[in-house]
Each structure stands twice: as C-alpha cells, then as structure tokens.
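Take a look at the structure below.
The values are calculated or read from the model by the stated rules, or taken from the named source; none is laboratory data. Because the structure is predicted, anything quoted here is derived from the model rather than measured. Ideal geometry is used to build each Cβ from the backbone, glycine not excepted, and the neighbour counts take in all protein chains shown.
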Amino acid sequence: MLTTPLDAVRRSFPRTRMQISSNWSTRLIEDVRTGAIDCAVGLLTDAHTIPTGLLSHSLGSEQVVVVSASRAPVGPDGSPWRLRDLAEEGWLLNPRGCGCRAALERSFDRQNLAIRIAAEVFGEDLQLSLLHHGGGLGLVPRRQFEHSPHRHGLHILEVSDFQISTHVALIENAVPGRFGPAIRKLAGELQAML
C-alpha cells in the first residue's frame, strides 16, 4: 500500500533521503515519540493510544476479516458464524504484538473460549498462502485479501460476535519538523488511496 505514496514523496522531494522501517504499530508510535523516526503509518485498533505530544491523522478505515479455506461464508443454516462455532479450528495469526490478534484473543476470552493457534507467522501474505494450501482460519485486512493471489479458494466469513474497528493512521510529532512538507505529502497520497 505504501509503494505508490512513497514514490510520490520521492518525486516531490528528490533530495530527501528516506529510511523505511517495518514494525508493530505500537512500536512505531513509540519510535515517533522518542524521535527515532519522523512519522509512522500503522493499522490502529481501539486499543492503541497516542501519547501526548503526538498527532494521529486518520487516513481511512480498514476492514479486518476472518478468512477460511474450509468453511462457507455463512453457517449451514445461512446465519453468520459465531466464535463458538470456530473454536475447534486452528488459527494462523501474526505473533503477539499484533493489535488485531489481541482483539481476537480478547473476544475469545470474553466468551470463556480457548483459541487454538495453529501457526504464528509474520505477514498476512504468508498467512493467506498457508491458509490456501493447508486450511485453518486467518485474520487479514480485506484490502490485502482482495489483492492476494491466494484469495481463490478462500472465503471471508461472516462472524456475528467478532468485529474489529481499525483505521490506517499517520502518526507524527505535534511540533512540526523539517520534514513536515514531505510528511503532509505522504499523508495526502495515502488518504487519496484509501
């Protein structure tokens, strides 16, 4: 998602050298707070907090969906699935630190259900590939699912008792720095895309 917006920033600010880093949103927010990086773009859930002194610019919403190779989009009776119906199946999820995984685990905990983690793998592309070839359940952004070469044979499940509110946000220091114009360009490009 960042490739085209970053190319636009490079064209507009050819003398600015960018260094790109990838990490969990929580860690990136902390890196902006400490000044280790100038801005961060992350997928934020309701559990993320933005420290005093930082600004969060919501760039657009992102729907996170439950994906399966073995289950139909709805249950046998035509109604949405419930987490209870999915408790026996193995989940392929990002390792701990992922806000979406944490939200799913909290939903299982609230219902006194155990979640069965079949695999912990970094990145939704790898998760979708593994789901496509081996089955199970995954949790991925809808936009990523729709552009994945592995989406054929996979289904987005309707789950009545699990919805997660997420949005893509750009985090920056509240005090404008010398890279403010480049950061605003990046934010504008991302917002147009989303």
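Being free of Cβ contacts under 8 Å to residues at least 40 places away in the same chain and under 20 Å from V159 (Cα atoms) is true for just one of P76, P80, P95, P51. Which residue is that?
P76
Is it true that some residue in segment 117-127 is among the acidic types (D, E) and farther than 29 Å from V9 by Cα? Give the derivation first.
Let us first name the residues in segment 117-127 that are among the acidic types (D, E), namely 120, 124-125.
Subsequent filtering for residues that are farther than 29 Å from V9 by Cα retains 120.
Yes, that holds for at least one residue.
Return the total of residues in segment 118-144 being in a helix (DSSP H, G or I) and in contact with a strand residue (DSSP E or B) (Cβ under 6 Å, 6 or more places away or on another chain).
Total satisfying the criteria: 5.
So which residues in segment 121-143 are surrounded by 13 or more Cβ atoms within 10 Å (Cβ to Cβ), without any contact (Cβ under 8 Å) to a residue 40 or more places away in the chain and within 11 Å of the chain's Cα centre (by Cα)?
E124
With the condition being touching a Lys or Arg at 6+ places or on another chain (Cβ under 9 Å), among the β-branched types (V, I, T) and surrounded by 12 or more Cβ atoms within 10 Å (Cβ to Cβ), I'd like the strands (runs of 3 or more DSSP E) fully within segment 1-117 carrying at least 1 qualifying residues.
Correct list: 64-68.
Whether any residue in segment 41-51 is of a type in the set (A, V, I, L, M, F, W, C) and over 27 Å from F179 (Cα atoms) is what I want to check.
yes
Could you grab me the full set of residues in segment 160-194 that are touching a residue at least 40 places away in the same chain (Cβ under 8 Å) and part of a loop (DSSP other than H, G, I, E, B)? First the steps, then the outcome.
As a first pass, look at segment 160-194 and keep what is touching a residue at least 40 places away in the same chain (Cβ under 8 Å): 160-162, 164-175, 177, 179, 181-183, 185-187, 189-191, 193-194.
Of everything in segment 160-194, those that are touching a residue at least 40 places away in the same chain (Cβ under 8 Å) and part of a loop (DSSP other than H, G, I, E, B) turn out to be S160, D161, F162, I164, S165, A174, V175, G177, F179, L194.
What are the residues in segment 162-194 that are at pLDDT below 95 and of a type in the set (D, E), if any?
Scanning segment 162-194 gives a single hit, E189.
How many residues are among the β-branched types (V, I, T) and touching a residue at least 40 places away in the same chain (Cβ under 8 Å) if we restrict to segment 2-21?
Residues meeting the conditions: 3.
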